[in-house]
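All remarks here apply to the structure that follows.
The values are calculated or read from the model by the stated rules, or taken from the named source; none is laboratory data. All values derive from a computational prediction rather than experimental measurement. Here the Cβ is made from the backbone with ideal geometry for all residues, glycine too, and neighbour counts use every protein chain on show. Ligands, DNA and RNA are excluded from the accessible area calculation, which covers all protein heavy atoms including side chains. Shrake-Rupley method; radii C 1.70, N 1.55, O 1.52, S 1.80 Å.
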There are 2 protein chains.
Amino acid sequence: MTTPALACPLPIPADQLIVLGHGSGGRLSARLTEQVFLPAFRNAALEQLDDQAIVPVPGGRIALSTDSYVVKPLFFPGGDIGELAVYGTVNDLAVGGAIPKYLTVGFILEEGLPIATLQRIVESMAQAAQRAGVLIVTGDTKVVEKGCGDQVFINSAGVGFVPNGLTLGARQVRPGDRILLNGSLGEHGITILSQREGLELAGDLRSDAAPLNELCAAIVAAAPGLHAMRDLTRGGLSSALNEIATSAQVGIEIDDRAIPVTDAVRGACEIFGLDPLYVANEGKMIAFVPEEQAAAALAAMRANPLGADARIIGTVTEKHPRMVTLRTRLGTERIVDMLAQDQLPRIC
Amino acid sequence: MTTPALACPLPIPADQLIVLGHGSGGRLSARLTEQVFLPAFRNAALEQLDDQAIVPVPGGRIALSTDSYVVKPLFFPGGDIGELAVYGTVNDLAVGGAIPKYLTVGFILEEGLPIATLQRIVESMAQAAQRAGVLIVTGDTKVVEKGCGDQVFINSAGVGFVPNGLTLGARQVRPGDRILLNGSLGEHGITILSQREGLELAGDLRSDAAPLNELCAAIVAAAPGLHAMRDLTRGGLSSALNEIATSAQVGIEIDDRAIPVTDAVRGACEIFGLDPLYVANEGKMIAFVPEEQAAAALAAMRANPLGADARIIGTVTEKHPRMVTLRTRLGTERIVDMLAQDQLPRIC
């Protein structure tokens, strides 16, 4: 006698399915990493959970990073998917203190994509690689049937050289560190959202996509006691600060009046009901610097065009570990939590 | 006065659209590389057009490789997309003579994927990484809306250490070289196709997915004059041989009677009307070895379980450069051309 087959399999509960938020860089992403990826792949480099892994090679150390890009639309004011694929991976290496050198690129194309579209993306990647001073040394192309992809997805993985003696990372952050930000928040995310929603804004809203490697190298040179840097992509400033507060077991206090946001972004955020602290950037970063080196780091940032508007936005504290608080423009304080999900899927 | 807008944009001619064949590893893939990627990204490492790029780091050289995996179905006899993502990139490094060390992985998930499916794939990747002796050191996850992807796409990029003094590559191949193959052809491609078509075959048809790094290292050790190795993935043996004949400007002669193909694969190939020379493998490779070291290389291959059935299948000649010919079982000769497109999309 055999067990009768179920006429219909039981449906899988909704909380056991992948949702867009699992790709958001927010709390759902973190949970997927903790529950699925870390237990399976566990090793010392991966467990740092920084944006890049630092690993030994025979003559020193290299940094490795990878990101896939699924941004929609492919082209937008200030950039395109190709630029993001270069700058995003360059920046993940650079904030680890590495000098980005080589990229690999993998394309997943949807059948029916105009070759001219691919060509435009590839030319943009070539220019971006030149600007960032990296070589695209190997690649791969796969094509999936129409309806099984969405025009173009790009993965880029990067290799950077890590200077001898340098050790940056979320876990190095210490109470007393000053938090420096290189410029205004939210431009990339709001540009993408405005394009999708067909919103015509008065200000010229453009993505801030840019390579941060020279800026990061300048900070490393100016502030040898530097503890950590992070770029502010998916999940924005709030995700980066919350991740670091958790990793380093510290509190973080930031001051809203010190955080630059353009009028155009502020206006669009009001229309969309978004908080610029949570919106993605593609050319913004924060640095954690001991108090006595903060002025030197700030001066070095301001000397670089991508840090012209740099500010000290906050301080690391021993109080309320693992918590990020904001002093508002009204002088009150509020907790800056990590979002469970992204506000905006497919932002990069 | 403004120019009137076209009521309807002109359709893009079909030959200017991406088709499945552009991802096949065949002639359309090669054309896309020549016409789109090479002109934009040109540099010495990329121009070698090997399966991996060899680049300098302080203290030595590393090999870099990347591949995206879009195989359908995700799970099949002998493997799954996770194993392919590990072994495929490991093998691309190993055939360059590198010792594979580190992998990065990027997931593009479709909304609605059961987390249990992801978990199963990730556990398989962890086992595969352990078997191949590599560490997965960093990763990324993106999620796209339902209908904009197809369950799971995986990119893996890899880093290997290149032993001092070793220079392998298609351009090193010389007339007189013997061509060695580590085992029977077509098992991966035919297994995938049989799964898709629901074909029940008598023989136990299984993918040959396996990590070739130890086998490759054994060949390097046994045959110091080794010129090149290639793994036989998309496009099968014929694509690999044609690429090398073109790169090295040599002729290649192979003998069908020397090429092992199991009865199960041969039978399925007859049903599907396929030639095993063109079918993808995931655990097969060829080596180009000077005549005087061929016996030593063959013995080293046979001493490894993944090369137990290794054979010398042909010779590199000065005759008919850029052409691959096959001596058939009937004693006649025919040209083994490169396919314009893949026989089987989404095979890896």
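Residues in region B:136-156 that are in a strand (DSSP E or B), more than 7 Å from chain A (Cβ to nearest Cβ) and more than 19 Å from A:S65 (Cβ to Cβ): B:V152 only.
Residue count for region A:235-249 satisfying the condition of being of a type outside the set (G, A, S) and surrounded by 24 or more Cβ atoms within 10 Å (Cβ to Cβ): 3.
Counting only helices (runs of 4 or more DSSP H) that fall entirely inside region A:9-113 and contain at least 2 residues that are hydroxyl-bearing (S, T, Y), the qualifying elements are A:81-94. Counting residues in region A:128-135 that are open to solvent by 20 Å² or more (accessible area, probe 1.4 Å), in contact (Cβ under 8 Å) with a residue 12 or more places away in the chain and more than 11 Å from every other protein chain (Cβ to nearest Cβ) gives one or more. State which residue pairs qualify: first residue closer than 22 Å to B:L330 by Cβ and inside region B:246-274, second residue of a type in the set (S, T, Y) and assigned to a strand (DSSP E or B) in any location, beta carbons under 6 Å apart, and separation of 6 or more residues or different chains. Pairs that qualify, where the first residue is closer than 22 Å to B:L330 by Cβ and the partner is of a type in the set (S, T, Y) and assigned to a strand (DSSP E or B), are B:G251/B:T317; B:E253/B:T315; B:E253/B:T317; B:E253/B:T325. Residues that are charged (D, E, K, R), in the same structural domain as A:T104 (by TED's automatic domain parsing) and open to solvent by less than 10 Å² (accessible area, probe 1.4 Å) within region A:141-178 comprise just one, A:K142.
Could you please find all residues in region A:162-179 being at pLDDT 95 or above and among the β-branched types (V, I, T)? Those that are at pLDDT 95 or above and among the β-branched types (V, I, T): A:V162, A:V173, A:I179.
For A:A340, the conditions (1) touching a strand residue (DSSP E or B) at 6+ places or on another chain (Cβ under 9 Å); (2) farther than 30 Å from A:A221 by Cβ; (3) outside the structural domain of A:I190 (by TED's automatic domain parsing) all hold with the exception of (1).
Flag: A:L226 does not match the condition of being within 18 Å of the chain's Cα centre (by Cα) and modelled with pLDDT of 95 or more.
Among the conditions (1) open to solvent by 50 Å² or more (accessible area, probe 1.4 Å); (2) without any contact (Cβ under 8 Å) to a residue 24 or more places away in the chain; (3) within 9 Å of chain B (Cβ to nearest Cβ), A:R31 misses just one, which is (3).
Criterion applied to A:E123, A:E111, A:E83 was being in contact with a Lys or Arg (Cβ under 6 Å, 6 or more places away or on another chain), open to solvent by 10 Å² or more (accessible area, probe 1.4 Å) and among the acidic types (D, E), and the one residue passing it is A:E111. Kindly indicate whether B:D256 is open to solvent by 10 Å² or more (accessible area, probe 1.4 Å), touching a Cys at 6+ places or on another chain (Cβ under 8 Å), over 25 Å from B:E83 (Cα atoms) and not assigned by TED's automatic domain parsing to the domain that holds B:A53. Taking the combined requirement at face value, the residue does not satisfy it.
Exactly one residue out of A:A297, A:A308, A:A340, A:A303 is open to solvent by less than 30 Å² (accessible area, probe 1.4 Å), of a type in the set (A, V, I, L, M, F, W, C) and either touching a residue at least 24 places away in the same chain (Cβ under 8 Å) or more than 14 Å from A:G186 (Cβ to Cβ) (or both): that is A:A297. Among the residues of region B:215-233, is any under 17 Å from B:P345 (Cα atoms) and more than 14 Å from chain A (Cβ to nearest Cβ)? Yes. Looking only at region A:44-88, residues that are free of Cβ contacts under 8 Å to residues at least 24 places away in the same chain and in contact with a helix residue (DSSP H, G or I) (Cβ under 8 Å, 6 or more places away or on another chain) come to 4 in all. Checking each residue in region A:52-80 for being more than 10 Å from chain B (Cβ to nearest Cβ) and closer than 19 Å to B:T104 by Cβ picks out no residue at all.
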